[in-house]
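Only one structure is covered here, and it is reproduced in the block below.
The values are calculated or read from the model by the stated rules, or taken from the named source; none is laboratory data. Note that the structure is predicted; figures quoted are calculated from it, not measured. Cβ: placed from backbone, ideal geometry, glycine included. Neighbour counts: every protein chain shown. The area values use the complete protein model at the heavy-atom level, side chains included, leaving out ligands, DNA and RNA. Shrake-Rupley method; radii C 1.70, N 1.55, O 1.52, S 1.80 Å.
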Amino acid sequence: MFEKVLIANRGEIAVRVMRACREMGIKTVAVYSDVDRDALHVRFADEAYPIGPPPARESYLIGEKIIAVAKRAGADAIHPGYGFLSERGEFADLCAREGVVFIGPHGDVMRSMGDKVTARQTMEKAGVPIVPGTTERLSDDALTRWVRDTGPPVMIKAAAGGGGKGMRLVRDEKELAGAIARARSEAKSSFGDDSLYVEKFVEEPRHIEIQILADSQGNCVHLFERECSIQRRHQKVIEEAPGNRISPELRAKMGEAAVAAAKAVQYVGAGTCEFLVDKHDDFYFLEMNTRVQVEHAITEMITGIDIVKTMIRVAAGEPLPFRQEDLSIRGHAIEARVYAEDADNNFIPSPGDILVYRPAAGPGIRVDSGVYQGARVTVFYDPMVAKLVVWGCDRSEAIERLRRALREFVVKGIKTSIPFHQKVVEHPVFLAGHYDTGFIDQHLAGGKGDPRPESGDSREARRVAFLMAAIAAYQRDKARAAAASAVAASSSAGDPWKQFGRRAQMRGELR
Ligand code: MV4
């Protein structure tokens, strides 16, 4: 096992990785930009080294500086966290050349998954369903012909893209030429590569992703799914595990597809296969993320597996300490990302000094913070300051805890997304678990630009209707969960989790 690991990141994920290292008896090395001298991750580490000016491209993104620190500190491995260098194949190559272990997959794997056309070719060969479309980069003429032959709606996408950049929806052939031109120029300026491909548009999809873990002996398991459809402009807001309305059969099929995807590229480490799931429960590979993700914690909550410790173990050459049959889902977890943003002001970043910081705590609550009371939030990095992660024996309890925790969580000095989360967790559509990627735009004003001004009367009327619908949906949800738990309890003699059935029955009696 490694003796010392350098964490090439900042904020909550750097702290998260350091916690894993500490439990494993591994010493930790932090790196920090000038503006992060007093950041939480620096205070948390055993050692810390400066790496330059605040802009990431002059500090956290310079692989050579990070490697130099690793050598000077005597670190035998580097954990990249998420963002920054985590999916840069060239940085993994550099680590390999310099004899420092990169905690993640091989550089070639990152490059092949980073290019969406290559990823689609690989998945097609591996028998993983991809969205119908092309598996080649196409000229304007070829794109036009494909769309003429197939018919709209289609999505024009950048081969170098991902996360929604360089992507255009075409609902009418008349829009095609303009969409191609705009997608090409956006792809060129964002990625320096204007190659495009095209897919059929999947209507009202859900974004469901599968966590996988793989070792260097060829073993690979999946840790079930996360439901990540609650996003705003391709930024995730709330995630849940397990997903809603995912049958055991669909779960097994998607899990097997994700494992096949990982095996096809001889994946090592923690990774995620993103899928779109349509109305008919057909699913399609979208992209593979070759890093630990922000929302990994909800999977940890429902499986009991420490994903970060496992990725460190497999990077050190150890085999996975569990098999697929050892894994199961217990309860339900939800993550609310706490961003330093002003949701009432078009979600603009809200930097400043954190004057009061009192994170939620208590049963079923995990808060992974990148800040502390007195810390400064700057504009240089991602505005996510903490993750509020809750666990409950079922979805109803997780929601109850999330509502309680959102009320407990106090942050003063900066605006945060907590009030926005409170709106989400009151919404009947969220309570019903019946949402797709359109949720925020369709149901929460402010999702797309500013909310329309409303008269006081209509606002009040809407509020009453809204509350009544929310209460009704909530009661239905609870009754369903109680019935399901009672059934589970009656058939779970000897099951250590049967008290959850009793709890639900008690609630039923009290009502
Ligand atoms: C799609 C799609 C519908 N059909 N592709 C958005 C981000 C990028 N990773 C892929 N995205 C989408 N690709 C086809 N063929 C809809 C989206 C999409 C989306 C996907 C996941 C989560 C939220 C989303 C919001 C809008 C659009």
Extension gain, Ser189 back to Asp353 (0.36 nm per residue minus Cα-Cα distance, nm) | 55.6 nm
Quick one: order Glu98, Glu240 from most to least accessible surface, probe 1.4 Å.
-> Glu98, Glu240
Take each of the peptides 89-96, 169-176, average the number of other beta-carbon atoms within 10 Å over its residues, and list them starting from the highest.
-> 89-96, 169-176
Accessible-area value, Thr290, 1.4 Å probe, nucleic acids and ligands omitted, Å² = 10
What is the magnitude of the charge dipole of the chain about its Cα centre, with +1 placed on the Cβ of each Lys and Arg, -1 on the Cβ of each Asp and Glu, and no other charges, expressed in debye to the nearest 20?
-> 1060
Which is farthest toward the positive dipole end of the chain among Phe409, Ala8, Ala96, measuring Cα position about the Cα centre, with Cβ charges +1 (Lys, Arg) and -1 (Asp, Glu)?
-> Phe409
Could you pull out the trypsin sites (Lys or Arg not before Pro) across region 252-292 that fall in loop regions by DSSP (anything but H, G, I, E, B) with no more than 16 other Cβ atoms inside 10 Å?
-> Lys279
Would you work out the charge dipole size for region 331-448 about its Cα centre, treating the Cβ of every Lys and Arg as +1 and the Cβ of every Asp and Glu as -1, and quote it to the nearest 20 debye?
-> 300
Mean Cα-pair separation over length for the chain, i.e. relative contact order, pairs under 8 Å, 6 or more apart, % | 12
Could you work out how far the C-alpha centroid of region 177-246 sits from that of region 1-74, in angstrom?
-> 29
Give the peptides 30-41, 357-368 in descending order of average Cβ contacts within 10 Å, highest first.
-> 30-41, 357-368
Given the Cα-Cα distance of Glu175 and Arg72 and 0.36 nm per residue of separation, how much length would full extension add, in nm?
-> 31.5 nm
Using label points projected 7 Å from each Cα along Cα→Cβ, tell me how many nm separate Lys279 and Arg43, to one decimal.
-> 5.2
Region 152-173 versus region 297-338: alpha-carbon centroid distance in Å | 33
With each label point set 7 Å from Cα along the Cα-Cβ vector, what nm distance links Asp140 and Glu98?
-> 4.4
What does the charge dipole of region 4-103 about its Cα centre add up to, to the nearest 20 debye, if the Cβ of each Lys and Arg holds +1 and the Cβ of each Asp and Glu holds -1?
-> 200
Straight-line reach check, Lys71, cutoff 20 Å on alpha carbons, 8 or more apart in-chain or any other chain, hits among aspartates and glutamates -> Glu3, Asp46, Glu47, Glu58, Glu90, Asp93, Glu98
Per residue, what accessible area does the chain have, given a 1.4 Å probe and all protein chains present, in Å²?
-> 43
Between region 119-133 and region 247-273, what's the alpha-carbon centroid distance in Å?
-> 13
Close Lys-Lys pairs in region 132-200, where close means Cα under 17 Å and separation is 8 or more or interchain | 5
Carbon and sulfur atoms account, in whole percent of the 1.4 Å probe accessible area of region 18-105, for 49
